[in-house]
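Data first, discussion second: the structure below is written as structure tokens.
The values are calculated or read from the model by the stated rules, or taken from the named source; none is laboratory data. Just so you know, these numbers come straight off a predicted model, no measurement behind them. Cβ placement follows ideal geometry from the backbone for every residue including glycine, while neighbour counts extend to all protein chains displayed. SASA here: full protein model, heavy atoms, side chains in, ligands and nucleic acids out. Shrake-Rupley method; radii C 1.70, N 1.55, O 1.52, S 1.80 Å.
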Amino acid sequence: MQGEEPIVSGMAGRYATALFELALEAGSLDAVSADLDRFEALLNDCDDLQHLVSSPVFGSDEQLKAITAVLEKAEIGGLAGKFLKTITANRRLFAVQGILRAYRARVARHKGEVRAQVTVVEPLSDAHRTALAETLNTVTGKDVAIDVTVDPALIGGLVVKLGSRMVDASLRTKLNAIRHAMKEVG
């Protein structure tokens, strides 16, 4: 693995690497990715689930019962379901978002994709997501997969991080620049 980018580190990286290797061996990278994407969408859409994941108040038994119910309702099984139950039983559910990011990075590197971190005010429609991906593909000349994070504090616009490059076209940044310029004038 000479010259390999150190994309995974720490506990989240170790779990992501283990899942990646299991999924690769089973030939189920895409299926696991799809299941994890569905779980993350549930996590982003449900405040109660976010609280369950991040709060140390819940014991592992409570978390495991709740996660098992969520996975069954969402029909997330197989390797992804077993993995999510394992990290819950191991009291690592709090790190699930970092694990998911690291897993996606491993899969992208394996497929020769470049990943872009995109932050927007509200969830992107399928049409906007496709248009953004096509634009990034054209600009980079590579196959770009995008990870979308919603942050209403941006007010408007978006922030795109692609490798070491970042384009901040958020309204929040533009307003801060105007505020700073006005302070210098006054």
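Looking only at segment 80-89, count every residue that is touching a residue at least 12 places away in the same chain (Cβ under 8 Å) and open to solvent by 50 Å² or more (accessible area, probe 1.4 Å) and tell me the total.
Counting residues in segment 80-89 that are touching a residue at least 12 places away in the same chain (Cβ under 8 Å) and open to solvent by 50 Å² or more (accessible area, probe 1.4 Å) gives 2.
With the condition being hydrophobic (A, V, I, L, M, F, W, C) and under 17 Å from the mean Cα position of the chain (by Cα), I'd like the helices (runs of 4 or more DSSP H) fully within segment 8-66 carrying at least 3 qualifying residues. Give the steps one after another, and end with the answer.
Details: elements: 10-26, 29-45, 47-54.
Once the helices (runs of 4 or more DSSP H) in segment 8-66 are filtered for at least 3 residues that are hydrophobic (A, V, I, L, M, F, W, C) and under 17 Å from the mean Cα position of the chain (by Cα), what remains is 10-26, 29-45.
Of all residues in segment 55-77, which are open to solvent by 50 Å² or more (accessible area, probe 1.4 Å) and closer than 19 Å to Tyr15 by Cβ? If you could, list the steps in order and put the result at the bottom.
Step one: filter segment 55-77 for residues open to solvent by 50 Å² or more (accessible area, probe 1.4 Å), giving 56-58, 61-62, 64-65, 69, 72-73, 75.
Passing the criteria: Pro56, Leu64.
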Close pairs (8 angstrom Cβ cut-off, 6 or more residues apart or separate chains): within 16 Å of Gly98 (Cβ to Cβ) and open to solvent by less than 60 Å² (accessible area, probe 1.4 Å) in segment 11-35, among the aliphatic types (A, V, I, L, M) and not in a helix (DSSP H, G or I) anywhere: Gly13/Ile7; Ala16/Val8; Thr17/Val8
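Look at segment 138-148 and say how many of its residues are surrounded by 16 or more Cβ atoms within 10 Å (Cβ to Cβ) and of a type in the set (S, T, N, Q).
So the first thing to find is which residues in segment 138-148 are surrounded by 16 or more Cβ atoms within 10 Å (Cβ to Cβ), and the list is 144-148.
Retained after the next criterion (residues that are of a type in the set (S, T, N, Q)): none.
Going through segment 138-148 one residue at a time, the tally reaches 0.
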Filtered residues of segment 161-186 (kept if open to solvent by 70 Å² or more (accessible area, probe 1.4 Å) and in contact with a strand residue (DSSP E or B) (Cβ under 6 Å, 6 or more places away or on another chain)): Lys161, Val167
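Give the residues of segment 69-100 that are part of a helix (DSSP H, G or I) and more than 18 Å from Val32 (Cβ to Cβ), sorted by residue number. Steps first, answer last, please.
The initial filter retains those residues of segment 69-100 that are part of a helix (DSSP H, G or I), namely 69-73, 78-89, 93-100.
Hits for segment 69-100 are Ala69, Lys73, Ala89, Phe94.
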Breaking point among (1) free of Cβ contacts under 8 Å to residues at least 60 places away in the same chain; (2) surrounded by 17 or more Cβ atoms within 10 Å (Cβ to Cβ); (3) closer than 30 Å to Phe83 by Cα, for Asp151: (2)
Looking at Glu113, Glu134, Glu122 in this structure, which one is open to solvent by 90 Å² or more (accessible area, probe 1.4 Å) and under 30 Å from Gly27 (Cα atoms)? Glu134
